[in-house]
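Undergrad: I'd like to ask some things about the structure below.
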Amino acid sequence: MRPINFGITLILLCVLLGQKTDLHAQCTGGANAGAIAPSTAFQTIACARAGEYYTFAATFGATYTFTYCQGGGVGNGIDTYLTVLDNSGTALPGAFNDNFCFPVYPELVWVATATATFRIRISLPPAGCGSNGTCTTLAYRMTNPPGPGVNCGNPMLIASLPYSNTGLTTCGNGNTYTSAHACGSTYMNGEDFIFRYTSPGNECINLSLTGTTNWVGLFVYNGCPNIVGTTCVAQATNGSGNPSLNNVTLTAAGVYYFLVSTLPPPTCTAFNISISKCPTGSTCGYPRLIAGLPYNQPGLTTCGFGNDYNSTQACADLYMNGEDFIFSYTIPGPQCVDIFTTGTSSWAGLFVYNGCPSTVGTTCIAKNVSIYGNPTLVGTLLPAAGTYYFMIDTKPMPNCTPFNIVVDTCRPPVPCGSNPPATNACAAATNITGYTTFCGTTDTLVYTSDGPGNLPSTFCGTIENNSWWSFVADTSVVHFFFNVYNCYHGNGIQAQVFSTTNCTNFTAVSNCFNPTTQSSGTITASGLIVGQTYYLMVDGYAADDCDYVVSWDGGPLPVKYGNVNAMAVDGKVHVNWETLEENGSRAFYIERGSPTIDGEQNGFDWEPAGLISAIQNSRSLHTYYFVDESPLNGEGYYRIREEDYDGFSSYSEIMHVVEGVSEGNHLLEIYPNPAKDRLTLTMGFAAQSDATMRLLDVSGKVVFEASLGQFGIGTYSRSLALPSLSNGVYFYDIQLGKENSRGKLMIAQ
């Protein structure tokens, strides 16, 4: 009987029990085969031999995997050991793996004990340190140490908004949250990075990723994704990478989680993240507030604000399917408002609601859409106290638009008499003598071009669809106050008064009303002979189809202008003007424009630049001053439009400005006026100049004279102490280089 071999018995027992027993000592030393740099994805060494080691830089807490059986590793049937050594060649406790019981390929998983250089040693039995020249394929990778962003228990905390972070990655964080959890997207099946944010509630946020791979998802939850009851608040996935979420509403106060993940492949992605609160105007929760009227805001856009409200909601219009901009306006009781937009693209819409468009029960109060843009709502009644929402939107093409907006109280209604319509020919003009108001239209289906004789060369614009009124003058000066509305193209009307005896030879006896937009305004006919018949011609600017109401009389204009100046200095335009008389004036609208390119004479494309409240009533000189911080590039034009409390307007002369070039030196402002003992002057200089000032009394005697100094190109202010003067009217004469500025100054001690 042969003796029992206890060594073989022990090995068989290991095989039967499936145990690994370290019967061999871990190997030290070895031959240096080079350095490796483990990353989060498996890498391989195609020819790793027993008896060699590779050095690698490890990070404390990171997990390192070395294997012949995963990630492309191939053992070639060689019974191998794997050992981690320190950089002196000493084996580390527990950092060893073998296949002692049977020849399977080993896998060593080791957590770094320090941030230092280590070695991975390959060896063979029987002593655990054997060598072999056969190539084997070794695979290796690194997994990031657990840190912020790994899971809901250890998230990256966002303390406040706005928040941004760069150089982040989901690689090495593991796939804790999958398509089996809230949001249910296959873009959650890659490795994850998770943020936690505590919201105060009723908050609108925007989230965006940059620097990602392809096939990336971004998710928002009101709890941890794998917790029962968690809701998917919002999600965005993008096969091209860099997904973003706009106007995400965090309704309730509490904790929210933001997840970045991928659709494998790739398994993971690098990324940068930016999170901010929505800009005002993006939603009903974050509207642009209109605190009071009149409200004037140029330079806005719907672009980038998202399509939160659409044609399935109140107003149910296809012009709601582009990106939105929302205003809110709260009133204590019923109110009538006018809303004007300019500078829009085509296919633009304007909407008014008594609540948020998406809220059940909200009513569409009014709407106006235009294929040509610049929609307007005139005479819109807000029927009760509460908060109303005004929305600017577009059709999906162009999807968004720039715009300027003016919101004001309704102009007083002008009663319209039952006058017959205007005729299409001068010779048969409709007589309006005896009417204090009359109504008309420039409808292109009714009116065509009637430009007999010398009219086309006398009129200030081209004629497309004009109509004719006649009247008998009962005073030498007559004013026509136009209220223009319902313009199909938004171009408005143009009109002028003529003297003619044969409808062939025409002489203009008034200014030409030609604002080139849907605007109301005034025509003044002067030098009229009482009892003589005159002709008012009204044409649609660029063949626009408009309605209008005209009130006319011989009364005073709402404002009489004095000096009006505009000057470009240091990238800004300084506008100043004087009024010699005001009658119920409400506000001054500063408008800037550039010449039109459609052949209209004296035509400009005007846009709002600013708004200044008026003094209302005055019989003495008053000065106003405005600085346009964002003027048009290059050549531009400015004018002042005064509007009174009756809803009528008058215009100043048009001022020409060239960027960087001033047409002479100008006194931009002198205040206060009336003055007491001190005066401040603001002056603009186009060239280096000396400046002096004189004050004269009504007899022409100089009562005060001062040198203001020498000035270079630019804008300057100087404060002067005045001598003791008697109350009354004085005249200032200010010499600015070769330019003079003269006017009245009131002294009131």
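Undergrad: At a 1.4 Å probe radius, which order do Glu464, Glu203 fall into by accessible area, largest first?
TA: From most accessible down to least: Glu464, Glu203.
Undergrad: Determine the sum of side-chain charges near Asp393: Lys and Arg each +1, Asp and Glu each -1, restricted to other residues whose C-beta is under 12 angstrom from that of Asp393.
TA: That works out to -2.
Undergrad: What is the spin-label model distance, in nm, from Thr55 to Phe731 if the labels are put 7 Å beyond Cα along the C-beta direction?
TA: Result for the modelled spin labels: 9.6 nm.
Undergrad: Can you give the helix-only mean residue ellipticity at 222 nm for the chain, where every DSSP H stretch with n ≥ 4 adds -39500 (n - 2.57) and the sum goes over all residues, rounded to the nearest 500 deg cm²/dmol?
TA: One gets -500 deg cm²/dmol as the mean residue ellipticity at 222 nm.
Undergrad: Relative contact order for the stretch 330-400: what is it in percent, counting Cα pairs under 8 Å that are at least 6 residues apart?
TA: It rounds to 44 percent for the stretch 330-400.
Undergrad: Whose amide H sits under 5 Å from the amide H of Asn419, counting only residues 5 or more places off or on another chain, with H placed in the peptide plane?
TA: Cys439
Undergrad: Excluding Arg718 itself, calculate the net charge of residues whose Cβ lies under 14 Å from the Cβ of Arg718, where each Lys or Arg counts +1 and each Asp or Glu counts -1.
TA: Its environment carries a net charge of -1.
Undergrad: Still on this model: Within the chain, how many Lys pairs sit with Cα atoms under 21 Å apart, leaving out pairs fewer than 8 places apart on the same chain?
TA: 5
Undergrad: For the chain, what log10 I(q)/I(0) values come out of the Debye formula at q = 0.05 1/Å, with one point per alpha carbon and no solvent?
TA: Calculated log10 I(q)/I(0) at the listed q: -0.48.
Undergrad: Give me the net charge of Gly349's neighbourhood, meaning all other residues with Cβ under 13 Å from the Cβ of Gly349; Lys, Arg count +1, Asp, Glu -1.
TA: Summing Lys and Arg as +1 and Asp and Glu as -1 gives -2.
Undergrad: In square angstrom, rounded to the nearest 10, how much accessible surface does Tyr389 have for a 1.4 Å probe?
TA: Tyr389 has an accessible surface of roughly 40 Å² with all protein chains in place.
Undergrad: Also: Report the paramagnetic label zone for Asn431: residues of the stretch 466-501 whose backbone N is under 12 Å from a point 7 Å from Cα along the Cα-to-Cβ axis.
TA: Of the residues in the stretch 466-501, 470-473 have backbone N under 12 Å from the label point off Asn431.
Undergrad: Go through the stretch 318-334 residue by residue and turn each phi into a ³J(HN,Hα) via Karplus (6.51, -1.76, 1.60, θ = phi - 60°); whole Hz please, and just put x for glycine and proline.
TA: Values per residue, Gly and Pro as x: 5, 6, 9, 9, x, 6, 10, 10, 10, 10, 10, 9, 10, 10, x, x, x Hz.
Undergrad: While we're on this one: With axes computed from alpha carbons, what is the tilt in degrees of helix 6-17 against the longest principal axis of the chain, rounded to the nearest 10 within 0 to 90?
TA: It works out to around 30 degrees.
Undergrad: Name the shape class, rounded, prolate or oblate, that the alpha-carbon gyration tensor gives for the stretch 486-633, where a ≥ b ≥ c are the square roots of its eigenvalues, rounded holds for a/c under 1.5, and otherwise prolate holds if a/b is larger than b/c and oblate otherwise.
TA: It comes out oblate by the Cα gyration axes.
Undergrad: Could you give me the ³J(HN,Hα) list for the stretch 90-95, computed from phi with Karplus coefficients 6.51, -1.76, 1.60 and θ = phi - 60°, whole Hz, x at Gly and Pro?
TA: So the Karplus estimates, Gly and Pro as x, are 8, 5, 9, x, x, 9 Hz.
Undergrad: Which whole-Hz couplings ³J(HN,Hα) result when phi for each residue of the stretch 732-746 is put into the Karplus expression 6.51 cos²θ - 1.76 cosθ + 1.60, θ = phi - 60°, listed in order with x for Gly and Pro?
TA: 9, 10, 10, 9, 10, x, 8, 9, 10, 10, 10, x, 8, 10, 8
The values are calculated or read from the model by the stated rules, or taken from the named source; none is laboratory data. Not measured: the values here are computed from a predicted model. Positions of Cβ are generated from backbone atoms using ideal geometry, with glycine treated the same way; all protein chains shown enter the neighbour counts. SASA here: full protein model, heavy atoms, side chains in, ligands and nucleic acids out. Shrake-Rupley method; radii C 1.70, N 1.55, O 1.52, S 1.80 Å.
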